[in-house]
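What follows is one structure encoded as C-alpha cells, with my remarks underneath.
Readers should treat all values here as calculations from the given coordinates under stated rules, not as data from a laboratory. Bear in mind that the values here come from a model prediction, so they are computed numbers and not experimental data. Ideal geometry is used to build each Cβ from the backbone, glycine not excepted, and the neighbour counts take in all protein chains shown.
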Amino acid sequence: MGGSDALSDYHRKRDFDRTAEPEGGGRAAPGARPGFVVQIHDARTLHFDFRLEVDGVLKSWAVPKGPSGDPHDKRLAMPTEDHPMEYRDFEGVIAEAEYGGGTVIIWDEGGYENRSTDRRGHELPFAEALDAGHASFRLAGRKLRGDWALTRFREDGAGERAAWLLVRHGRGGGRPAPDPRRARSVRSGRTLRQLAEEAGGA
C-alpha cells in the first residue's frame, strides 16, 4: 500500500534537517500514467537505483550493474525501502554522514505500462504482480524502452534478503547501462563527478 505507512522505513533512516532528500507527502495526479526513474548513486558502493511508481510511492531496487537492453543479461536487483514520489526529481549530494551518503544523478526517467497478467491472460494489478513475485511492464523512457520484467528468486528469511532479477524481454538491440562514472544526467547533463564538484564549491 502507498501512503505514510509505506514510507516509515524511508523516514526512519533519514534526518531531514541534514539531508536534502524529499520528505514526501505528494501524490500523483489522478489518471496520470505511472512513472519510473533510474538514478545512479555513488554511495558506499556505486550502483543504479531502479524505481517504479506503485500505489503512490516509488517501489525501489538497487541494481549493481544497471539495466541491460540485452535479454540474455539477468541483472540482480535488491529491493530497498519505498521512496516518496518526489524522489523522482532528486539529484544532488547526500552528506557522507547520512544514510546513503554520496552523489545521485537521474540517469533515465519516463512512464511505464503494466503488462502483468494472470495464468488466464487477464491483466493483473501491478501491486499484486509484485506481491506474487513477477511483474511485467513496458518502459517509455528517454534511454530505456520496451518490455521488461522483475522476478523474485529469493524471499526474505534464513538470514538472507529478498532478491530479484531485472530482465529485458522481447527483442534486444538495447545497450547495457554505461560506465556509471561517465554517464550523464538526463536532467542536467552532468556526470557524478561534475555534480559533486559543483556542490562542493557551492
Can you list which of the chymotrypsin sites (Phe, Trp or Tyr not before Pro) found in segment 2-100 are DSSP loop residues with at most 12 other C-beta atoms within 10 Å?
F16
K65: which lysines have alpha carbons under 21 Å from its alpha carbon, excluding same-chain residues fewer than 8 sequence positions away?
K74, K143
Taking the Cα centre as origin and putting +1 on Lys and Arg beta-carbons and -1 on Asp and Glu beta-carbons, what dipole magnitude results for the chain, to the nearest 20 debye?
1020
So how far apart, in nm, are the two label points at A132 and A62 if each is 7 Å from Cα heading toward Cβ?
3.0
Sort 116-123, 143-150 by packing, meaning the average of other beta carbons within 10 Å per residue, with the highest value first.
143-150, 116-123
Sequence-distant or interchain residues sharing an amide H contact under 5 Å with Y99, placed H: which?
D15
Would you tally the net charge around A162, using a Cβ to Cβ cut-off of less than 9 Å, leaving A162 out, and scoring K and R as +1, D and E as -1?
0
What net charge is computed for the residues neighbouring F137, neighbours being all others with C-beta under 9 Å from the C-beta of F137, Lys and Arg scored +1, Asp and Glu -1?
0
For segment 66-180 (alpha-carbon point model, no solvent) the Debye-based log₁₀ I(q)/I(0) at q = 0.11, 0.14, 0.17 Å⁻¹ works out to -0.44, -0.72, -1.04
